[in-house]
Amino acid sequence: MEHLPFMYSNKLKSRLSRHLVFWLLWFLFQLLLYSFSPSPALQQQPFLHRVIITSPETLIYMLPSLFLAYTLMYLVIPKLVLPGRYVFAILSAIVIVFLTAALSAALSMTIVDFLRHRNADKLSTLVASEPHPAFYIQIGVAILAGLRGSITVGGVAAAIKLMKCFYERQQAALVLEKEKANAELQMLKAQLHPHFLFNTLNNIYSFTQNVSVKASAMIMELSQLLRYILYECNKPLVPLDKELKMINDYLALETIRYDDGLDISVQLPMVTNHMIAPLLLLPFIENAFKHGASQMAEAPWISLAITIMNDKLEMKLINGKSIGKVNNSEGIGIVNVRKRLKILYPDRHMLSIHDAEEMYIVNLSLELFNMNPGLTKPVYDGAHEEI
């Protein structure tokens, strides 16, 4: 807590200091109260002697006060009151009060009584002449004497605890509200940037139509890819048809710069009703161009085959590479794909990557989520992606 650290901080040093100050003040208050007891024998003594005589008794009666206060603060309030279990909270408070009364009576009839008899010689002979009350009266007085202070300090401690809980919740709500506002701001920025990007691409496209047909086509393909990535890929699953169309558009965009110099073979499935995590296959295809075709001086080639059978996707991607060149293509893209596969498709995928002398081979087997024609949502068994 940044505000009022002594009152609300959860740091150990602040908490210890806070508790020590609270109980020290309570002890001094009780000590003064007992020192001005109406007992005639006690009132004959000087003030300093009264304080010395009553201090052990005051310290003993602190024990039931501590018991009541801490059971309320750390058991009843956090476990029962805050979760809304009010009936159990009331019953537990009643039981704790009775236990406090029993503890107070036990201390009064044993230790406190012993201290009073020991101090009898320090008082006056009036003690001997005072009538000795009955046993049940002694018990009643002992219970009331202990509860008189314990209930008061227990209530004060519980009130402070509730105030601290309320303050913490208020601060948490303020932090949540601030985070929500930041998230809304970021979302607005994220919406602004794509519009700016698409408007810019459209302007460039209009200028290149009369200059270069090839450049104009590439800008259009890029615009479609960006639109899919920005607006479709923020979902946990997307239709496989859209993902395959995006891959086909990417292949078309990449092959434009090779003219007819790239030997590419593509086999994609027909229309399906399956769902897939977005951008799961694209990093492998990007690597085929970046570390394969673009690095070959002569006759670059790529072979991509994606088939689906019984809700299982099989992808075989092979690309040529320069002879003797070590393929260091397992960069951050492939590493991220491996992590996503483990999270999204645990025990539902197989991935093998083989770096041969003249080619790079990727085999991926994936059990897809199926879109039930009778449902509006995909059959999705709870797998989720951590961002």
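The values are calculated or read from the model by the stated rules, or taken from the named source; none is laboratory data. Computed from a prediction, not measured in an experiment: that's the story for all the values here. Reconstructed Cβ throughout: ideal geometry from the backbone, glycine too, with neighbour counts over all protein chains shown. Just the protein is used for accessible areas: all its heavy atoms, side chains included, with ligands, DNA and RNA removed. Shrake-Rupley method; radii C 1.70, N 1.55, O 1.52, S 1.80 Å.
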Exercise for review: Please work out which one of (1) of a type in the set (D, E, K, R); (2) at positive phi; (3) touching a residue at least 40 places away in the same chain (Cβ under 8 Å) is the condition Lys316 fails and give its number.
Suggested key: (2)
Exercise for review: Among the candidates Ile53, Ile77, Ile90, Ile94, single out the residue that is open to solvent by less than 50 Å² (accessible area, probe 1.4 Å) and either modelled with pLDDT of 85 or more or touching a strand residue (DSSP E or B) at 6+ places or on another chain (Cβ under 6 Å) (or both).
Suggested key: Ile77
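Kindly establish whether Gly149 is in contact with a Phe, Trp or Tyr (Cβ under 7 Å, 6 or more places away or on another chain) and either charged (D, E, K, R) or at pLDDT below 85 (or both). Explain how you work it out, then say what you get.
Working: in contact with a Phe, Trp or Tyr (Cβ under 7 Å, 6 or more places away or on another chain): yes; either charged (D, E, K, R) or at pLDDT below 85 (or both): yes.
So Gly149 fits the description; yes.
The rows are residues; the columns are (1) at pLDDT 85 or above; (2) outside any loop (DSSP other than H, G, I, E, B); (3) in contact with a His (Cβ under 6 Å, 6 or more places away or on another chain).
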| site | (1), (2), (3) |
| --- | --- |
| Asn248 | yes, yes, no |
| Pro269 | yes, no, no |
| Leu279 | yes, no, no |
| Pro283 | yes, yes, no |
| Ala297 | no, no, no |
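Rundown of residues vs (1) at positive phi; (2) buried (at least 17 other Cβ atoms within 10 Å of the Cβ); (3) out of contact with any helix residue (DSSP H, G or I) (no Cβ under 6 Å at 6 or more places or on another chain); (4) at pLDDT below 85, yes/no style:
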residue	(1), (2), (3), (4)
Phe22	no, no, yes, no
Ser35	no, yes, no, yes
Phe47	no, no, yes, yes
Leu68	no, yes, no, no
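Which residue out of Gly292, Gly261 is more than 21 Å from Met350 (Cα to Cα), open to solvent by less than 50 Å² (accessible area, probe 1.4 Å) and touching a residue at least 60 places away in the same chain (Cβ under 8 Å)? Break it down into steps so the answer makes sense when it comes.
Working: Gly261 fails: touching a residue at least 60 places away in the same chain (Cβ under 8 Å).
Sole residue among the options that is more than 21 Å from Met350 (Cα to Cα), open to solvent by less than 50 Å² (accessible area, probe 1.4 Å) and touching a residue at least 60 places away in the same chain (Cβ under 8 Å): Gly292.
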**Study point:** the range 299-322, residues that are surrounded by 17 or more Cβ atoms within 10 Å (Cβ to Cβ) and outside any strand (DSSP E or B)
**Key:** Pro300, Lys321
